[in-house]
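The structure under discussion appears below in the form of structure tokens.
The values are calculated or read from the model by the stated rules, or taken from the named source; none is laboratory data. From a predicted model like this one, the values you see are computed outputs, not experimental measurements. Here the Cβ positions follow ideal geometry from the backbone for every residue, glycine too, while neighbour counts run over all protein chains shown. For the accessible areas, the whole protein counts, side chains as well, though only heavy atoms, and no ligand, DNA or RNA atoms are used. Shrake-Rupley method; radii C 1.70, N 1.55, O 1.52, S 1.80 Å.
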Protein chains: 2
Amino acid sequence: MPEIRKDPFSNRWVVFSPERLRRPLHFEAESEIVFNEEDNPFIEGHESYTPPEVYASRNGSAPNSPGWKVRVVPNRFPALRIEGELKKEAVGFYDMMTGVGAHEVVIETPEPGLELEDLDSEGIAEVLKAYRARFLDLKQDSRFYYLMVFKNVGAFAGASIPHAHSQIVALPFIPIAVKEQLDTARKYYAEKERCLFHDILNAEMKFQKRMVYENQRFGVYCPYASRFAFETCIMPKAQQADFYRLEDHDLLQLADVLKLVLSKYRSALKKPSYNLVLTTAPFRREHSGYWETIDQDFRWHLTIMPRLTGLAGFEMGTGCYINSVYPAHAAETLREAVV
Amino acid sequence: MPEIRKDPFSNRWVVFSPERLRRPLHFEAESEIVFNEEDNPFIEGHESYTPPEVYASRNGSAPNSPGWKVRVVPNRFPALRIEGELKKEAVGFYDMMTGVGAHEVVIETPEPGLELEDLDSEGIAEVLKAYRARFLDLKQDSRFYYLMVFKNVGAFAGASIPHAHSQIVALPFIPIAVKEQLDTARKYYAEKERCLFHDILNAEMKFQKRMVYENQRFGVYCPYASRFAFETCIMPKAQQADFYRLEDHDLLQLADVLKLVLSKYRSALKKPSYNLVLTTAPFRREHSGYWETIDQDFRWHLTIMPRLTGLAGFEMGTGCYINSVYPAHAAETLREAVV
């Protein structure tokens, strides 16, 4: 059973997951992804190579058979285990909890060699629908507090399989980076009766210089204090704390934004490695006044972080970052990138 | 002039430093360090390839000439600039300050092809003396609040030059990861009248299973919630908040520990990339009661983080980590490693 332990200095949880060692590429300097298409568990016809699917976008075909657009399956090397009770314990003066959680893979297309941005907007919207469906399912499980959706592309972003996919991790705690944002947003709202995310998107839309793109429902900008060169944030224009509340027409608009932005990265930065992260509101908030204003104060958003340079001792030791590209310059580059 | 900007959600400072783009290896997937020894600015006889030294361990030889053991020079591609006034400003509702600071390179030996652990304990102590000397000098500068000492070894830890060196960055703010530790330690002391670092080292020395090594003055253990597989912490046994207060005989004992631990890494993990980070007390604390108990509540320490697997979307988005090696197992492996 994996175990989750809290660092007594930072209150950061660390997931201990010895099973991850069984992954094909463990403990190697992962500079290049070596991959044999015959072993690819994510292509059509190889459905039996994965654990049984927990979701699929199908047109009448049987589960775990060919004939799908998007397929969600449990990770074969899960960081957390779906079985077992959530127990929280003191170990000496340390804190731990059992490593229960879900770790799933969203296979974004049955076609090998395609990237997410190669799909048409409807195809990308099917991926986003898969996220939403997994939210609606996993939030029923009272052991889980937060659902983390992310995508690693390229070896420098930690990907070990090149076939287009993203990952979903259901966690029995609210991660510290999300908690920080929630707390900041709550305090801001308490003081100003305005949403910090709204204020920032508004300021960026007025200032324009850090804006990359906007459509009817979403704005894309390079954050003022971006950690990574060419980092972007995709923010909904309307107030919405939970990603899973997105309606189909919004998903299609978001797919349109994603296709454009990822295509711009590909053309401007020559197919960079990147991480894409969804930050959204946590689940279990019914029982606490702490969350009272969350629907007004917090807004889900996507962050895309190109991984052009490594993270070194400075970043590890300070929690701060050195970025060599000003966001206004990054935004200009991305605006002008022809796709 | 570089600029330092605060992220409004996390209160994390980000250094914007376009000059860093001029580094030889910028924007490449830095999987292998390609390096020509003829261009090596760190070997004896190449003193003119670097900016003039700010410190050197010499036996009577002239500055910036051959005949040294350790040499400290300004970084040719500094993240921060030593010239200029520290100004703090509001930009819209964002916060920024001018990017003043020092960014220096500690050349640990004139010999190419040696690693820090290849030096004898006296040689390693000379490196530690160089750190101490730079602390004592840079703390005179009232613009600086914190001095960050770190070492990147190997391409996967962000190193761009293979010649043995470490780096010193003087910052005009206290980094958020250090602040967290300071705050936690202060609260712990206020509640218990004991030092958290003392209690942890004591608990680890009693438990033994996560201990790697100890000598008279220092203990080395794998932290209970290590972020990285085989992470170790080197902690002084006596109460000491400031690294720069170390006396010569303590430096020699620390050198002894470093030599052993780094040699154990090399043998157990086959020359892994790693980051070494010194966490110590900040400078400017005279004027505030906030720091009243720091000499009792805080203790400087070194952390060594092997970089065996990449940091991916999960870590970027949560601030949490997945570690596939339990610290007790890591400690056992390191204890048993023959050097």
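Among the residues of the range B:52-69, just one is touching a residue at least 24 places away in the same chain (Cβ under 8 Å) and over 25 Å from the mean Cα position of the chain (by Cα), namely B:Pro66.
What are the residues in the range A:254-278 that are under 19 Å from B:Glu315 (Cα atoms) and not hydroxyl-bearing (Ser, Thr, Tyr), if any? Result: A:Pro272, A:Asn275, A:Leu276, A:Val277, A:Leu278. Hey, any hits in the range B:203-214 for a residue that's within 17 Å of the chain's Cα centre (by Cα) and buried (at least 20 other Cβ atoms within 10 Å of the Cβ)? Looking for residues that are within 17 Å of the chain's Cα centre (by Cα) and buried (at least 20 other Cβ atoms within 10 Å of the Cβ), one finds none in the range B:203-214, hence no. Selection over the range B:129-162 of residues that are surrounded by fewer than 21 Cβ atoms within 10 Å (Cβ to Cβ) and either among the β-branched types (Val, Ile, Thr) or assigned to a loop (DSSP other than H, G, I, E, B) (or both) gives a count of 10. Among the residues of the range B:148-192, those that are of a type in the set (Gly, Ala, Ser) and either closer than 18 Å to B:Phe283 by Cβ or at pLDDT 95 or above (or both) comprise B:Ala164, B:Ser166, B:Ala170, B:Ala177, B:Ala185, B:Ala190. Note on the range A:294-322: residues that are more than 10 Å from chain B (Cβ to nearest Cβ), among the charged types (D, E, K, R) and under 20 Å from the mean Cα position of the chain (by Cα) amount to 1. For the criterion of being among the aromatic types (Phe, Trp, Tyr) and under 30 Å from B:Thr98 (Cβ atoms), B:Phe243 passes. Look at (1) away from chain B (no Cβ under 12 Å); (2) surrounded by fewer than 18 Cβ atoms within 10 Å (Cβ to Cβ) and you find that A:Tyr221 fails only one, number (2). Residues in the range B:177-196 that are touching a residue at least 60 places away in the same chain (Cβ under 8 Å) and more than 9 Å from chain A (Cβ to nearest Cβ): B:Leu182, B:Arg186, B:Tyr189, B:Ala190, B:Cys195. Residues in the range A:252-275 that are among the hydrophobic types (A, V, I, L, M, F, W, C) and open to solvent by less than 10 Å² (accessible area, probe 1.4 Å): A:Leu254, A:Ala255, A:Val257, A:Leu258, A:Val261, A:Leu262. B:Ala170 satisfies every condition listed in (1) farther than 30 Å from B:Glu292 by Cα; (2) in contact with a strand residue (DSSP E or B) (Cβ under 7 Å, 6 or more places away or on another chain); (3) more than 9 Å from chain A (Cβ to nearest Cβ) except (1). Can you confirm whether the range B:318-332 contains a residue that is charged (D, E, K, R) and buried (at least 17 other Cβ atoms within 10 Å of the Cβ)? Looking through the range B:318-332, none of the residues is charged (D, E, K, R) and buried (at least 17 other Cβ atoms within 10 Å of the Cβ). Is the range B:232-239 home to any residue that is within 11 Å of chain A (Cβ to nearest Cβ) and closer than 29 Å to B:Lys129 by Cβ? Checked against the condition, which is being within 11 Å of chain A (Cβ to nearest Cβ) and closer than 29 Å to B:Lys129 by Cβ, the range B:232-239 yields at least one hit. Just one residue in the set A:Ile107, A:Ile82 is more than 30 Å from B:His198 (Cβ to Cβ), at pLDDT 95 or above and in contact with a strand residue (DSSP E or B) (Cβ under 8 Å, 6 or more places away or on another chain); that residue is A:Ile107.
Within the range B:70-88, can one find any residue that is in a helix (DSSP H, G or I) and more than 19 Å from the chain's Cα centre (by Cα)? No, the range B:70-88 contains no residue that is in a helix (DSSP H, G or I) and more than 19 Å from the chain's Cα centre (by Cα).
Checking each residue in the range B:283-317 for being of a type in the set (D, E, K, R) and either open to solvent by 10 Å² or more (accessible area, probe 1.4 Å) or outside any loop (DSSP other than H, G, I, E, B) (or both) picks out B:Arg284, B:Arg285, B:Glu286, B:Glu292, B:Asp295, B:Asp297, B:Arg307, B:Glu315. Residues in the range A:89-127 that are open to solvent by 70 Å² or more (accessible area, probe 1.4 Å) and in a loop (DSSP other than H, G, I, E, B): A:Gly92, A:Phe93, A:Glu111, A:Gly113, A:Asp120. The set of residues in the range B:9-18 being open to solvent by 30 Å² or more (accessible area, probe 1.4 Å) and either part of a loop (DSSP other than H, G, I, E, B) or more than 11 Å from B:Met97 (Cα to Cα) (or both) consists of B:Asn11, B:Arg12, B:Pro18. Set side by side, the residues A:Ile168, A:Ile174 differ, and just one is open to solvent by less than 10 Å² (accessible area, probe 1.4 Å) and β-branched (Val, Ile, Thr), which is A:Ile168.
Quick test for you: out of B:Gln253, B:Gln216, B:Gln208, pick the one residue that is without any contact (Cβ under 8 Å) to a residue 60 or more places away in the chain, more than 10 Å from chain A (Cβ to nearest Cβ) and farther than 29 Å from B:Lys69 by Cα. Result of the check over B:Gln253, B:Gln216, B:Gln208: B:Gln208.
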